[in-house]
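The numbers here are math on the coordinates, done by the rules we state, and not lab data. This structure is a prediction, so every number in the text was calculated from the model and none was measured. Cβ placement follows ideal geometry from the backbone for every residue including glycine, while neighbour counts extend to all protein chains displayed.
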Amino acid sequence: MKLYVLLALPVITVLFACKNSSDAKAVETAHKDSATVTKPKQPFEGVAFASKMDLACGMMLSAGVTDTAHYKDKIYGFCSKECKEDFLKTPEAFLASKYRK
Ligand SMILES: [Zn+2]
């Protein structure tokens, strides 16, 4: 039971942090996942992303990718269209923050 909460909380938090336009759907998905404890179907499974996270909001792509962007021959995954558009406005800035660590 405690594990379910630990799994679901970060997903919900991140989805809201991303200003996902389909909040209701996102919560529903997270809820369903926490109930079944199975990995959600990844529409982009097998795609080699250049980063393990959504560079716009920092969400791990393992939590779900709904959009991708190609930039300099690399593929970047994003949790939402908004994040992708944010990234494409200033890709260099997002990439710089990624490699700053
Ligand atoms: Zn995002």
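Based on the mean of other Cβ atoms within 10 Å per residue, sort peptides 69-76, 53-60 so the most packed one is first.
53-60, 69-76
Between residue 67 and residues 5 or more places away or on another chain, which pairs have amide H atoms under 5 Å apart, with H built 1.01 Å from N, and which residues are they?
78, 80
Tell me the volume per residue, in Å³, of the convex hull enclosing the alpha carbons of segment 60-101.
For segment 60-101, the hull spanned by Cα atoms encloses 71 Å³ per residue.
Give the calculated FRET efficiency between residue 88 and residue 45 to the nearest 0.05, with a Förster radius of 22 Å applied to their Cβ-Cβ distance. If you can, show how the numbers build up before the last one.
Details: r = 23 Å, r/R0 = 1.05.
Plugging the Cβ-Cβ distance into 1/(1 + (r/R0)^6) gives 0.40.
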